[in-house]
1. Only one of (1) more than 27 Å from residue 127 (Cα to Cα); (2) among the hydrophobic types (A, V, I, L, M, F, W, C); (3) touching a residue at least 40 places away in the same chain (Cβ under 8 Å) is not met by residue 305, so which one is it?
2. Collect the residues in the stretch 146-172 that are closer than 23 Å to residue 259 by Cβ, in contact with a strand residue (DSSP E or B) (Cβ under 7 Å, 6 or more places away or on another chain) and loosely packed, with under 15 Cβ neighbours inside 10 Å, keeping them in residue-number order.
3. In the stretch 129-159, which residues are part of a strand (DSSP E or B) and under 26 Å from residue 72 (Cα atoms)?
4. Among the residues of the stretch 256-272, are any under 17 Å from the mean Cα position of the chain (by Cα), among the aromatic types (Phe, Trp, Tyr) and at pLDDT 80 or above?
5. Could you figure out which of (1) farther than 20 Å from residue 258 by Cα; (2) out of contact with any Cys (no Cβ under 8 Å at 6 or more places or on another chain); (3) assigned to a strand (DSSP E or B); (4) not acidic (Asp, Glu) isn't true of residue 126?
Amino acid sequence: MYVEECGKSMHEYRLYYAGFDKTTGVEQIGLAISDDLIRWRRPLPGPIVSLASTGYADAVQTSNPCVLKRPEGYRMWYQGRNTEGQISICHAVSDDGISWVFGDAPVLAVAPEARGNRVGYHHPHVLFDTDRATYCLWCTRYENDSSHFLYAESADGIRWSVKAEKALAPEKEWEGKQIFYPCVLADGDSLTAWYSGIRSKKEWQIGRALSRDGIEWIREPDRAVLPERLQSKPERFIHEQLARLGIYTRRGLSAFGTASPNVWKEGGRYHMLAHDVGPQSKLSIGHYVSQDGIIWQQIGWDILAEGRGGWDSFFQGDPFLLIV
């Protein structure tokens, strides 16, 4: 039995996300809190995971947070980038989910001599299997300008044993050579993953796959589930104007697609937060809902618009929601 990262509760929603300041070129992790998924407040004016929190491993970037609330406290796995361009998975612990204590080194990293465009381990997503007292990790393994999903297990969440080097690899035309951003939702002993495929820099889409063991996956359906197709500039303009009135389309608003899905189930339906292009071509977070996890309807756009500025003024993405 897996413990999901979003527990059932009537209290508050915590949205961990990455913010980017275009003027400085710095991306860092922040936190916003809401009681209704509509009005959001920041407990801190700046990021909660700043550069070099884990030292050299995240000296250039912190992003893609994944947070679990365990009996002993909060635990976070996130993506760090060093000055050589290598991407690692770092780890931190917290009593309140806001102030964090960081490890001295990443928990999953490539060899120091490894080189290449964005080489390393990206986008961690962690579940805890209570039956086996085991942490289960899916992440993006990027090398040689292609990427796939790696699966690993750990007894303590720090020392990881790789169980499948390629748990899911791109093979569909819409996925191109790269799949990113695994989000795995547990329902008893079955697993459902939503993930991003990228056919080109302007063609991002989200797919869905099913598994019993976290290693062997079957795409269901055998196509992208969001958006249905890419939109032209005139279409996007119309949808943006409608969104300002609170009217949304199932396909979303993005000019290049939708990416970085974070999915949970609540109130008998699925919810997804994902980033796409918002006002003035700034990356922002949208909110989608679905009855079956396949057909999605957008109900929120640029949800963190209020309070945007400074460290997260241009980019708001990589959402991860925790209910406490």
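1. Failing condition for residue 305: (3).
2. Once the filter is applied, which keeps residues that are closer than 23 Å to residue 259 by Cβ, in contact with a strand residue (DSSP E or B) (Cβ under 7 Å, 6 or more places away or on another chain) and loosely packed, with under 15 Cβ neighbours inside 10 Å, the stretch 146-172 yields 146, 166.
3. 129, 134, 135, 136, 137, 138, 139, 151, 152, 153, 154
4. Within the stretch 256-272, one or more residues are under 17 Å from the mean Cα position of the chain (by Cα), among the aromatic types (Phe, Trp, Tyr) and at pLDDT 80 or above.
5. The one condition residue 126 does not meet is (2).
The values are calculated or read from the model by the stated rules, or taken from the named source; none is laboratory data. Small disclaimer: the values here were computed from a predicted structure and weren't measured. No Cβ is skipped: glycine too gets one built from the backbone with ideal geometry, and neighbour counts run over all protein chains shown.
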